[in-house]
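The structure appears right after this line, and notes come after that.
Values in this text are rule-based calculations from the coordinates and carry no lab data. Please read all numbers here as calculations on a predicted model, not as lab measurements. Cβ: placed from backbone, ideal geometry, glycine included. Neighbour counts: every protein chain shown.
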Amino acid sequence: MQYYANGEICSEEEFNEALSRQNEKADVVWYDLTPENVELAFENKY
């Protein structure tokens, strides 16, 4: 079995370490792409 992390072949240990680092990241918030949400997202940018 081959493991990849960051697009490169790695050991199982390196793969598991990369996976652990990824799992520690906070979840993102997803929003529906609607005209109203786009307007809210950019109302303070312009």
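The set of residues from region 20-46 being under 30 Å from Tyr4 (Cα atoms) and among the hydroxyl-bearing types (Ser, Thr, Tyr) comprises just one member, Ser20. Looking only at residues in region 1-20 that are part of a loop (DSSP other than H, G, I, E, B) and more than 17 Å from the chain's Cα centre (by Cα), the one that is surrounded by the fewest Cβ atoms within 10 Å (Cβ to Cβ) is Met1. Of the residues Asn23, Asn44, the single one that is of a type in the set (S, T, N, Q), surrounded by fewer than 10 Cβ atoms within 10 Å (Cβ to Cβ) and part of a loop (DSSP other than H, G, I, E, B) is Asn44.
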